[in-house]
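Structure first, commentary second.
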Amino acid sequence: MKRVLAVAGSDSGGGAGIQADLKTMLACGVHGMSVVTAVTAQNSLGVDGIWELPVDAVRAQLASVLDDIGVDAVKTGMLGSPELVSTVADRLRGVGVPLVVDPVCVSKHGDRLLPSSALEALRTELLPLATVATPNLDEVEQLTGVVVRQERHLRRAADAVLALGPQWVLVKGGHLDGDAVDLLTDGSVEHVLRASRLDNRHTHGTGCTLASAIAARLALGDDVAAAVTSAKGYVTGAIAAGFPLGAGIGPVDHGWERR
């Protein structure tokens, strides 16, 4: 059984964060483990509160998993503060397994999940360790200042993120008009992943789900292009099956392949 660790915040509504990560890993056939960095009070309408865990608590969780169970891949999501970014980067440096960094900055509802003070630590300490970074267009802008308005701008965005040090970058173009187009590149090889736009507003947890699926496929032995292609197919199906929950934006369906 391959082992994948998610380092991220908790979503009390169950659609994103650690909860989405573990559901995705189960669906992808790996053993999911978790290091919780923050607790959120969150539902389909938005984020009502965020409480970061102490650095010592995060460090202890990392040690418990890495020193005993071990990992075949790691995925990071919401980290919450410069201190937590640094703590996670320090512990993961040299672990020697694929690392997928989802640079979570803002929630689906527009709630800020990463203060601007943590962006520099993300740029200089964590992204250089990444096998794959998976920013959406808002995150690209916050990390690099590059604004993407059209599909033809995706390569410029990818180059700007690659300059921060990850081996590969997947720029998610889901907020553009038209098809859902993502660009995967290492600076020399380029893959355009395209899916039809789905008429479903229930997309909470999409980014967490995609990054976790990539990490799972890397743990199972896929190369980066194959892992991202497989993960894109999985998340497209999960979006198509997304369902209403509460009064706002519902989650994607992580178990859609087993229905």
Inter-label distance for residue 155 and residue 247, nm, one decimal - labels placed 7 Å from Cα along Cα-to-Cβ: 4.8
Point-charge dipole on Cβ atoms (K/R +1, D/E -1) for the range 1-116, about Cα centre, debye to 20: 300
Sum of -39500 (n - 2.57) over DSSP H runs of 4+, divided by residues of the chain (222 nm, nearest 500): -9500 deg cm²/dmol
For the range 3-258, with +1 on Lys and Arg beta carbons and -1 on Asp and Glu, the positive-most of 244, 211, 45 along the dipole: 244
Amide H partners (placed H, <5 Å) of residue 37, local residues excluded: 8, 9, 10
Shape call, the chain: gyration tensor on alpha carbons, a/c limit 1.5: rounded
Rounded to 5, the percent of DSSP beta bridges in the chain classed as antiparallel: 45
Cα gyration tensor shape of the range 154-259, rounded if a/c is under 1.5, else prolate or oblate by comparing a/b with b/c: prolate
Proxy reagent accessibility, fewest Cβ within 10 Å first, across 164, 113: 164, 113
Cα pair distances exceeding 14 angstrom across the range 67-150, given as percent: 63
Projected area averaged over orientations for the range 96-214, convex hull of C-alpha atoms, nm²: 7.3
Derived scalar couplings ³J(HN,Hα) [the range 216-221; Karplus, 6.51 cos²θ - 1.76 cosθ + 1.60; whole Hz; x for Gly, Pro]: 4, 5, 5, 4, 7, x
Net charge over other residues, Cβ less than 14 angstrom from the Cβ of residue 29 (K, R count +1; D, E count -1): +2
Potential extension, residue 141-residue 194 segment - 0.36 nm per residue separation minus Cα distance: 16.9 nm
Partner aspartates and glutamates for residue 232 [C-alpha distance under 16 Å; skip if fewer than 8 residues away on the same chain]: 21, 102, 179, 182, 190, 222, 223, 253, 257
Rg/Rh (Cα only; Kirkwood hydrodynamic radius) as it applies to the range 180-221: 1.03
Rel. contact order, % - alpha carbon contacts under 8 angstrom, at least six apart, the range 3-258: 19
Unit charges on C-beta of K, R, D, E only; dipole of the chain, Debye: 460
In order through the range 47-52: 3J(HN,Hα) via Karplus (6.51 cos²θ - 1.76 cosθ + 1.60), integer Hz, x for Gly, Pro: 9, 9, x, 9, 10, 6
Share of Cα-Cα pairs in the range 1-135 lying beyond 22 Å, as whole percent: 31
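No value in this document is a laboratory result; all are computed from the given coordinates. Just so we're clear, the structure is a prediction, and the values are computed from it rather than from any experiment. With ideal geometry, Cβ positions are generated from the backbone for all residues, glycine too; neighbour counts draw on all protein chains shown.
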